[in-house]
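In what follows, a single structure is set out as structure tokens and then discussed.
The values are calculated or read from the model by the stated rules, or taken from the named source; none is laboratory data. This is a predicted model, so every value here is computed, not measured. Glycine also receives a Cβ, built like all others from the backbone with ideal geometry; neighbour counts cover every protein chain displayed.
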Amino acid sequence: MYEGVVQDLIDELGRLPGVGPKSAQRIAFHILQADPADVRRLARALNEVKEKVRFCAVCGNVAEDEQCRICRDPRRDAAVICVVEEPKDVVAIERTREFRGRYHVLGGAISPIDGVGPDDLRIRELLARLADGSVTELILATDPNLEGEATATYLARMIGPMGLRVTRLASGLPVGGDLEYADEVTLGRAFEGRRLLDV
């Protein structure tokens with residue numbers, strides 16, 4: 001335990017996701033030893049992000065305006081929507097440069113253990129986007145874990161009767177991986193998602 005403001009800083013840093021007590025202490029002492037100008041820049045960036053950043057009114061992604069840059073981009077295909085859990089998932093998919101449609105950020109995944117149900121997610125907003133019939137495909141890109149699968153299944157059952165194409169991202173073996181290290185579920189998914197090779 002440290003005195004006053006140092007311990008307060010460590011405690012606040014420790015509340016950040018992925019930052020344990022030791023990491024919080026290391027970061028706090030880095031800040032203490034840093035140049036005051038660097039600390040002011042960090043404090044300014046933290047304040048600005050809270051003041052300027054909001055969530056896109058259309059898709060729920062992070063934005064500095066009413067709409068994010070993807071929703072404003074007329075070159076994006078509005079007929080295809082990729083549903084993700086969090087804004088960080090949008091960044092991951094954008095890095096691939098493979099997807100040219102639009103997104104819908106749910107704001108999490110169904111998790112009864114954590115008290116998160118369908119009403120806690122941006123599902124009503126998704127249904128409103130689908131209501132006009134302009135969307136032809138919905139890609140479910142939730143995480144390949146229990147919560148993500150439950151969310152994808154829930155959405156597929158809800159949206160299936162609407163008559164649009166509902167797809168799920170393929171899952172399986174990572175490139176560069178070894179079969180002997182793959183778990184049974186991943187290997188099973190790889191078999192289910194196998195495709196014909198053009199020879």
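Quick check on this structure: which one of R194, R168 is among the basic types (K, R) and either in contact (Cβ under 8 Å) with a residue 60 or more places away in the chain or out of contact with any helix residue (DSSP H, G or I) (no Cβ under 8 Å at 6 or more places or on another chain) (or both)? Walk me through it before giving the result.
On the way: R168 fails: either in contact (Cβ under 8 Å) with a residue 60 or more places away in the chain or out of contact with any helix residue (DSSP H, G or I) (no Cβ under 8 Å at 6 or more places or on another chain) (or both).
Within the list R194, R168, the selection yields R194.
If the Cβ limit is 6 Å and pairs must be 6+ apart or interchain, which residue in the stretch 100-117 that is in the same structural domain as R76 (by TED's automatic domain parsing) and within 24 Å of R76 (Cβ to Cβ) pairs with which residue that is surrounded by fewer than 16 Cβ atoms within 10 Å (Cβ to Cβ) and small (G, A, S)?
From residues that are in the same structural domain as R76 (by TED's automatic domain parsing) and within 24 Å of R76 (Cβ to Cβ), the pairs are R102/A78.
Any residue that is outside the structural domain of V83 (by TED's automatic domain parsing), among the acidic types (D, E), closer than 30 Å to E94 by Cα and part of a helix (DSSP H, G or I) - is there at least one of those in the stretch 25-40? Steps first, please.
Taking the stretch 25-40 as the starting set, the residues that turn out to be outside the structural domain of V83 (by TED's automatic domain parsing) are 25-40.
Next, only the ones that are among the acidic types (D, E) stay: 35, 38.
Next cut, closer than 30 Å to E94 by Cα only: none.
Taking every residue of the stretch 25-40 in turn, none turns out to be outside the structural domain of V83 (by TED's automatic domain parsing), among the acidic types (D, E), closer than 30 Å to E94 by Cα and part of a helix (DSSP H, G or I).
Would you be able to say whether some residue in the stretch 149-161 is in a loop (DSSP other than H, G, I, E, B) and modelled with pLDDT under 90? Walk me through how you get there before you give the answer.
Step one: filter the stretch 149-161 for residues in a loop (DSSP other than H, G, I, E, B), giving none.
Looking through the stretch 149-161, none of the residues is in a loop (DSSP other than H, G, I, E, B) and modelled with pLDDT under 90.
Just to be sure before I move on: is I70 at pLDDT 95 or above, part of a helix (DSSP H, G or I), in contact with a helix residue (DSSP H, G or I) (Cβ under 8 Å, 6 or more places away or on another chain) and under 17 Å from H104 (Cα atoms) in the structure I sent? Before the answer, list the steps.
On the way: at pLDDT 95 or above: yes; part of a helix (DSSP H, G or I): yes; in contact with a helix residue (DSSP H, G or I) (Cβ under 8 Å, 6 or more places away or on another chain): yes; under 17 Å from H104 (Cα atoms): yes.
Spelling it out, I70 is indeed at pLDDT 95 or above, part of a helix (DSSP H, G or I), in contact with a helix residue (DSSP H, G or I) (Cβ under 8 Å, 6 or more places away or on another chain) and under 17 Å from H104 (Cα atoms).
Kindly indicate which of R95, R69 is within 20 Å of the chain's Cα centre (by Cα), surrounded by fewer than 12 Cβ atoms within 10 Å (Cβ to Cβ), in the same structural domain as D132 (by TED's automatic domain parsing) and not polar (S, T, N, Q).
R95
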